[in-house]
Amino acid sequence: MLIVLARWWRFGQCDRYAPGHWVLLFIAIGALIQGLTELLLELGRFYHASMYVDFYTWNLRKLVLCSAVGITSLIFGWLTPGNFWWKSIFAMFGVVLIALVPQHVLALYGIVRSWISVAHIYASLGVSVAVLPLLFFACWSDARRLVRRDWLHWAGVIALVLTALVEGSFALYWLLRI
């Protein structure tokens, strides 16, 4: 994220960003939002380990993360320079995360359903499986059009592939344990 911001400061133009740069920014902003949410929830928490507090803390954490990162993803999909495939990656993340928000609102209001915790596992597995072909088509489209990308773009692409593989592996593991 610091390298991308340093480039923006040096060149002063957003059109120099490749989609991989936006992927890196997206991952960094998601991690920043998650870290701040964890910190604020731990600071404001009543330090006792009841299941009631843990359930509501987990749902509040997921509500903040899904809404903030989902909106960020949709904005990035709109701002990302690139073709349909690059924009669809961000749009898919945004739509899936925003679609998970109502379940956490219902849980915080006390309307608990058995599928609430499993929905994240299915969403995580679905996004992990769907992002790899979208990423392949985005890179293939760029190669076909002879679009050249720098190393930082490819670092973002590799980071997204690794994230999808790790997230998909964990989701599959949890599904098999259920």
*Can you run down the residue pairs with Cβ atoms below 6 Å, 6 or more apart or on separate chains, where the first is in the range 63-85 and at positive phi and the partner is not hydrophobic (A, V, I, L, M, F, W, C)?*
Gly82/Pro19
*Just name the residue that is modelled with the lowest pLDDT out of those in the range 158-167 that are surrounded by fewer than 17 Cβ atoms within 10 Å (Cβ to Cβ) and touching a Leu at 6+ places or on another chain (Cβ under 9 Å).*
Glu167
*Keeping to the range 52-78, report how many residues are among the β-branched types (Val, Ile, Thr) and either under 14 Å from Val105 (Cβ atoms) or touching a strand residue (DSSP E or B) at 6+ places or on another chain (Cβ under 6 Å) (or both).*
1
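Give the residue that is surrounded by the most Cβ atoms within 10 Å (Cβ to Cβ), with candidates limited to residues of the range 16-38 that are free of Cβ contacts under 8 Å to residues at least 40 places away in the same chain and among the β-branched types (Val, Ile, Thr). Reasoning before the result, please.
We begin by selecting, within the range 16-38, every residue free of Cβ contacts under 8 Å to residues at least 40 places away in the same chain; these are 16, 28, 31-38.
Checking the rest, the ones that are also among the β-branched types (Val, Ile, Thr) come to 33, 37.
Values: Ile33: 16, Thr37: 18.
It comes out as Thr37.
The values are calculated or read from the model by the stated rules, or taken from the named source; none is laboratory data. Since the model is a prediction, treat every value here as computed from it, not as a measurement. Here the Cβ is made from the backbone with ideal geometry for all residues, glycine too, and neighbour counts use every protein chain on show.
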